[in-house]
Each structure stands twice: as structure tokens, then as C-alpha cells.
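I have placed the structure first, in the form of C-alpha cells, so that the comments after it can refer back to it.
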Amino acid sequence: LGRAGDNTTEMHAILAEFGLPYVCAAAVEKAADKIPAEISAEEIARREDFRGVTTFTIDPKDAKDFDDALSIRKLKGGLWEVGVHIADVTHYVKEGGVIDKEAEKRATSVYLVDRTIPMLPERLCNFICSLRPNEEKLAFSVIFDITEKGEVRDSRIVHTVINSDRRFTYEEAQQIIETKEGDFKEEVLTLDTIAKALREKRFSAGAINFDRYEVKFEIDEKGKPISVYFKESKDANKLVEEFMLLANRTVAEKVGRVPKNKKAKVLPYRIHDLPDPEKLENLSQFIARFGYKVRTSGTKTDISKSINHLLDDIHGKKEENLIETVSIRAMQKARYSTHNIGHYGLAFEYYTHFTSPIRRFPDMMVHRLVTKYMDGGRSVSEAKYEDLCDHSSNMEQIAANAERASIKYKQVEFMSERLGQIYDGVISGVTEWGLYVELNENKCEGLVPVRDLDDDYYEFDEKNYCLRGRRKNKIYSLGDAITVRVARANLEKKQLDFELIEK
């Protein structure tokens, strides 16, 4: 793969370890090169024309593939028309073709710390399909007539042609929301007002509010991590998120919600089951030590409201990160399936993935099926699509593990230059082989091996997430504040070892 320690080699090694591809096959690139970027007049005539409506994208500052755009215009009677415009990938990628087969196999784009391994060839994801500003683009759109209070009066799903007026980064959109000044401020502020109303509705229906931050690295041109920062979700992120959730939910309802006596047509749903009762019970016992409570029985809404209550209570406290992590572990994983059981975490009866076809294969499947059904087509084979859903769920998991491995690698690399330095942290995991400690300053995690705790013989108490000394009864438990020195950094194993500093 290359020289150990070289950044690209190490990233390729992570991809190889998880069986993920790190290059695009020549045949796929070639097929993509043949796709014309020009849009014909006949194609435009077949679509609803949104080129004259104020439209913009809001994305991370380093994004190249713009999957989604929002348009907004004022209607009569206090209504707004909001368009959620999604790149019309399946117009370009034909089912069963070489690009499609490769996309199906990959099932998702993979985001490592310093690079993206796209599901589709670059010409499609960053150029032809990407909703770049001041370029005519084909979209598959969900159009809403909606009030400022987030009440949807009408919605429709249509193929459109758009022309984005502006590309905003999240930071720029956030600044408009905070200062009430800037390009398209009326539009941005109205969308923000509607999004907040939608969010409010979702939480009162019992959606669960996990507000996680992401650890990001600033990386130099050689791939070396120079600093760590945290990406938090602010109003601008939430604005986009709410409209994507609304579009996904609306598409799922249009296909899935049918009269009692009819069978709904096959569609890949994004489903999320109720928390595992046993894990909820463990969570309840664990948080009791910090003086918190959570309901482990009752209706769906009772449980989710009590989890939200807990998340509010721990906000800003030192145990916040820890309890949130343990709560997330009590949750089931969301996955794809043709058997709809609803989405517990979002409190939606019907939910699918429609809004990211550039980076997720299930969204491409949904685009194709919705188009087919809109044209009066018959339902498809449930077994075939259930297999595709399983494959997509598995690949999503593998991609997430690879992403975590790349973050872990960068954390160890970052800390390897800080050997001997002392940091404050919290105990983030307890096992029979030692204590995992997460540093407060940069969220890097390392292990204090139990063999180094040499003042006593420590036993692992699984129920209470702690190590207990046999003679002196000293206890190290999950969530304890602790001070450590960086002792060893093993890049090959992506492991950090810490030593305990007694205060």
C-alpha cells in the first residue's frame, strides 16, 4: 500500500482493512465521461421550471457535492412555497448500467478525516449532479405550501429544473440568522422561522434530541493533524435538517400511507425501532448514580419524552457527554427496510431517505421507485429490495467504522507529538483491562491499563461500570474526572496509553 506512516498509505490501509475501495474503476470513470452535461430543451419542457425562483444551497465550507437546494417564494394568504430540490441523479445514472452497479456495491460515500471516497464518479457527484450556483440543474423536488408556523397546507413531488442563486456555507447562513443582515436575508430568516416551528412540532410529538458535536481536525497539506476543533449543530444546520426531514417524511407518506384495504407499494424505508428494554433498564440504573431518572416503560412517547427530559437535565454538566453516550448505546440502530415500522428517534410513522442520492444508494432506489409509481408503474419485488436494504445498512455500518478508525488514527498521530504532557479528562469507559479516558481539551481517548494501577488489585464491576480496589476499596467509575499523562502512542494499533496522575 505504500510506506507506513505516510498519510495516504495509512488512509488506504484503513479502507483496505474494511474492504472498501479507494479508487474508482476505469470503466466507471469512462462511462461517466460519456454523460453529457448539457440539458436539452425537450428535457426542460418536461419539467416544472423553478429557474426564476430564489434558490440557494447551504453546505459545509469544504463541500463539493451539493445534494440539496432550497427555494422560497411568497404566496397569497400568509403562505410560503418552499421547494426542497434534490439532485436528480437517477436521470443520469441508468439502472443496471456500470455506474449504477458500482454505486449499488458501494452503497454509500465514505468520509474519512481527510478525504471522501465518493459512491459516484467525480464527474457526476461534483460536477453534473451537484447543484452548483448559477448553473442550470435537473432536480427531483418536493414542493410545500406552508405557513410560518410550519403547517403544511399542500405538497407535491415533481421533476424540476433549477438555477441556484447563491451557495452559502453554514457559517454564512448562521451569520444572517444571528445578525439579520446579508444576502437573501428575508428568505433565509423565513426558512429559519418555519424550520424552528417544524422542530418544535417534532419534539412535542416525541422525537429524541441528541445534539452531538463532531470532532474535526485541521490538517496540513501532508495530512498531518495540526489542531482539533468541534463541529456543533447550529440554527443554519438545523434549518437544512428540518426541511430534509420534512421532504423525506412526505415522500414516505405519499407512497406508504394507503387506505386500510390496500397494500402499499414497495419502498425502502429508513426505520428505527424502540430502545432495547434491557439496555434502557441498564441506563436507568446507571444514571440513578448521578441522581437522574428515565422511564423504562409506558408508551413510545412517554419513553422518548423522558429521554429528552434527561438530555435537557444533563446539558452543560460534566457528565453530559458520558450519559449521552450511554443513552445512545441503549438505542437501536436505524436501518433500511421495505417493512415499515416507523422511525422511533424522529417520531415519524413514515420515513425514508430521499435527499442525498449523490452519496447514498437507498436515495437513488427511492428516486427511481417514486418516479415509476408517479407514472402509474406497478409495485416491485419486495424480496429484491429487502436484500438491497440489508446490503445498504451493512455498508453504512462499515463506512461508519472506517470513518471512526480514521479519526482514531489522527487522534493518536496528534497525541504522539504530545508524549509526557498532562491533561484533564473523564473516564469514558471501564473494562476489565483498564480505564478509557477521554481528554476534555480535544476529546482524544486513551487507556489507563489495569496493570498500571499498581496500588491495589482492581476488580471490574460490570453492573456499576467501575473498577474497585480489593484492599483499599478505591473506586474508579464511569464519568469520574481524572488527570493523566500521555504515556505511549501506537500508530499501528491506533492506541493511546495514559498514566494516572494522582492529584
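Miscellaneous remarks
- Among [x] 173; [y] 151; [z] 142, the entry that matches volume of the Cα convex hull per residue in Å³ as calculated here: [x]
- Ligands, DNA and RNA are left out, and with a 1.4 angstrom probe the accessible area of segment 431-491 is 54 Å² per residue.
- Each peptide in 252-263, 227-238, 474-485 receives the mean, over its residues, of other Cβ atoms within 10 Å, and ordering these scores from highest gives 474-485, 227-238, 252-263.
- Full extension of the chain between Phe210 and Asn394 gives 63.9 nm of extra length, using 0.36 nm per residue less the Cα-Cα distance.
- Amide H contacts of Thr108 (H built 1.01 Å from N, under 5 Å, at least 5 apart or other chain): Phe361
- Estimated FRET transfer efficiency (Ile328, Ser40; beta-carbon r; R0 56 Å; 0.05): 0.70
- Measuring with a 1.4 angstrom probe and ignoring ligands and nucleic acids, Arg123 comes out at about 60 Å² accessible.
- MRE, 222 nm, helices only [DSSP H, n ≥ 4, -39500 (n - 2.57), over the chain, to nearest 500]: -11000 deg cm²/dmol
- Size of charge dipole - the chain - debye, nearest 20, with Cβ of Lys, Arg +1 and Asp, Glu -1, no other charges: 1280
- Heavy-atom accessible surface of the chain: percent carbon and sulfur, 1.4 Å: 48
- For segment 168-251, relative contact order (Cα pairs under 8 Å, six or more residues apart, normalised by length) works out to 30 percent.
- The angle between the Cα long axis of helix 382-416 and the longest principal axis of the Cα atoms of the chain comes to about 50 degrees, rounded to the nearest 10.
- Cα long-axis angle, helix 361-374 against the chain (0 to 90 degrees, to the nearest 10): 30
- Using the Cβ-Cβ distance between Glu200 and Asp454 with R0 = 56 Å, the FRET efficiency computed as 1/(1 + (r/R0)^6) comes to roughly 0.55.
- Computed from Cα atoms, the angle from the helix 235-256 axis to the main principal axis of the chain rounds to 60 degrees.
- Highest-first arrangement of 449-460, 385-396, where packing means the average Cβ count within 10 Å: 385-396, 449-460
- For segment 227-232, Karplus couplings with θ = phi - 60° (6.51, -1.76, 1.60), whole Hz, Gly/Pro x: 7, 10, 9, 10, 9, 9
The values are calculated or read from the model by the stated rules, or taken from the named source; none is laboratory data. Only a predicted model underlies this, so the values are computations on that prediction, with no experimental measurement involved. Virtual Cβ from ideal backbone geometry, glycine too; neighbours counted across all protein chains shown. With ligands, DNA and RNA removed, areas are computed over all heavy atoms of the protein, side chains included. Shrake-Rupley method; radii C 1.70, N 1.55, O 1.52, S 1.80 Å.
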